[in-house]
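Visitor: Can you keep this structure in mind? I'll have questions shortly.
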Amino acid sequence: MTDVLLVERPSADIAVLRINRPQVRNALNLDVRVRLADEVAKAAVDPAVRCVVITGSDAAFAAGADISEMAEAGPVEVMARNVQQYWRAITDCRKPVIAAVEGYALGGGLELALCADIIVAGEGAKLGLPEVKLGILAGGGGTQKLARLAGSKRALLLMLTGRIFGAAEALGMGVISEMAPTGQALARALAIAGEIAAMPPIAVQQIKEVVHAGLNAPLDTALAMERKAFQLLFATRDQKEGMRAFLEKRKPAFEGK
């Protein structure tokens, strides 16, 4: 049986999770969702891993949810399946997650990408939340995340029409972090992952935590969280090493301690 998720380690500190259902444009069935959650959870507690990259193929990151699993489902069955729980492992991961997107990232595929901290999309990528055309809405965080990134007026235009948009438009809306030449999204994502992996891990984790928590808090509360995280980092050996290396004009050696 073909493995629906390939786990690759291009270097000791970077884990790549590659969705592998090419016959259905990497449609997200329950098996893929469970495997993604499990592998991200493993990476989160692996001291060697400093960054996670999620990707698909050149043709499709993920063309959406597997409709065959839900076409005849009732509301109680959908509630019991609770597929949204599997994305929590990604959004809650303490380590940075990068999505490398080529081809189609539609519906659940775009929602998966939006769980990442950084999205790199190839110039030819096609993104969208076209669930309205199926009589439903984006139920994996899409309506809320897209509205927060693009603004409600633009997000509603896209979701109410189900319109597909390209990487350049996504970049302009702030939906993706960076656009790469077609076919180069993964290479660029790995380069970014390498940059992050070279940084002090505790500081990286604190930056991610403070940014995400602060977005849902009043500014004064968010600034208090930032201040406490700043103070906490002075208890790390990496802070001492980073500042000493700066003063001594040499490259720091961060340990994650």
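Visitor: Among the residues of region 34-59, write down those that are over 17 Å from Ala100 (Cα atoms) and among the basic types (Lys, Arg).
Guide: Answer for region 34-59, where residues must be over 17 Å from Ala100 (Cα atoms) and among the basic types (Lys, Arg): Arg35, Lys42.
Visitor: Right, something else. Do we have any residue at all in region 219-240 that's assigned to a loop (DSSP other than H, G, I, E, B) and within 30 Å of Asp58 (Cβ to Cβ)?
Guide: no
Visitor: Residues to consider are Ala99, Ala80, Ala147; find the one that is more than 29 Å from Ile207 (Cα to Cα) and in the same structural domain as Thr55 (by TED's automatic domain parsing).
Guide: Going through Ala99, Ala80, Ala147 in turn, just one is more than 29 Å from Ile207 (Cα to Cα) and in the same structural domain as Thr55 (by TED's automatic domain parsing): Ala80.
Visitor: Output the residues belonging to region 216-238 that are more than 18 Å from Pro252 (Cα to Cα) and in contact (Cβ under 8 Å) with a residue 24 or more places away in the chain. Before you say what the answer is, go through the steps one by one.
Guide: Narrowing region 216-238 to residues more than 18 Å from Pro252 (Cα to Cα): 216-232.
Passing the criteria: only Leu232.
Visitor: Just name the residue that is nearest to the chain's Cα centre (by Cα) out of those in region 44-62 that are surrounded by fewer than 23 Cβ atoms within 10 Å (Cβ to Cβ) and of a type in the set (Gly, Ala, Ser). Before the answer, list the steps.
Guide: Going through region 44-62, the residues surrounded by fewer than 23 Cβ atoms within 10 Å (Cβ to Cβ) turn out to be 44-49, 57-59.
Now drop any that are not of a type in the set (Gly, Ala, Ser), which leaves 44, 48, 57, 59.
On the way: Ala44: 14, Ala48: 20, Ser57: 16, Ala59: 19 Å.
Looking at the filtered set, the residue picked out is Ala44.
Visitor: Would you mind stating whether Ala113 is in contact with a Ser or Thr (Cβ under 9 Å, 6 or more places away or on another chain), aliphatic (A, V, I, L, M) and within 14 Å of Ile176 (Cβ to Cβ)?
Guide: no
Visitor: Given (1) farther than 30 Å from Ile136 by Cα; (2) assigned to a helix (DSSP H, G or I); (3) assigned by TED's automatic domain parsing to the domain that holds Pro10, identify the lone condition not met by Glu209.
Guide: Here Glu209 meets the rest and fails (3).
Visitor: Out of all the residues in region 40-59, which are touching a residue at least 40 places away in the same chain (Cβ under 8 Å) and more than 15 Å from Gln205 (Cβ to Cβ)?
Guide: Result: Ala41, Val53, Ile54, Thr55, Gly56, Ser57, Asp58, Ala59.
Visitor: A further question follows. Based on this model, can you work out whether Arg94 counts as modelled with pLDDT of 90 or more, touching a Lys or Arg at 6+ places or on another chain (Cβ under 9 Å), of a type outside the set (Val, Ile, Thr) and surrounded by fewer than 18 Cβ atoms within 10 Å (Cβ to Cβ)?
Guide: So Arg94 fits the description; yes.
Visitor: Got a number for residues in region 231-243 being more than 15 Å from Met199 (Cβ to Cβ) and either surrounded by 13 or more Cβ atoms within 10 Å (Cβ to Cβ) or β-branched (Val, Ile, Thr) (or both)?
Guide: 1
Visitor: Kindly indicate whether Asp31 is surrounded by fewer than 24 Cβ atoms within 10 Å (Cβ to Cβ), acidic (Asp, Glu) and in a loop (DSSP other than H, G, I, E, B).
Guide: no
Visitor: Could I ask something else about it? Which residues, taken from region 12-35, are under 23 Å from Ala197 (Cα atoms) and modelled with pLDDT of 95 or more?
Guide: Asp13, Ile14, Ala15, Val16, Leu17, Arg18, Ile19
The values are calculated or read from the model by the stated rules, or taken from the named source; none is laboratory data. Fair warning: this is a prediction, and the values are worked out from it, not measured in the lab. For neighbour counting, all protein chains shown are included, and Cβ atoms are generated from backbone atoms with ideal geometry for every residue, glycine included.
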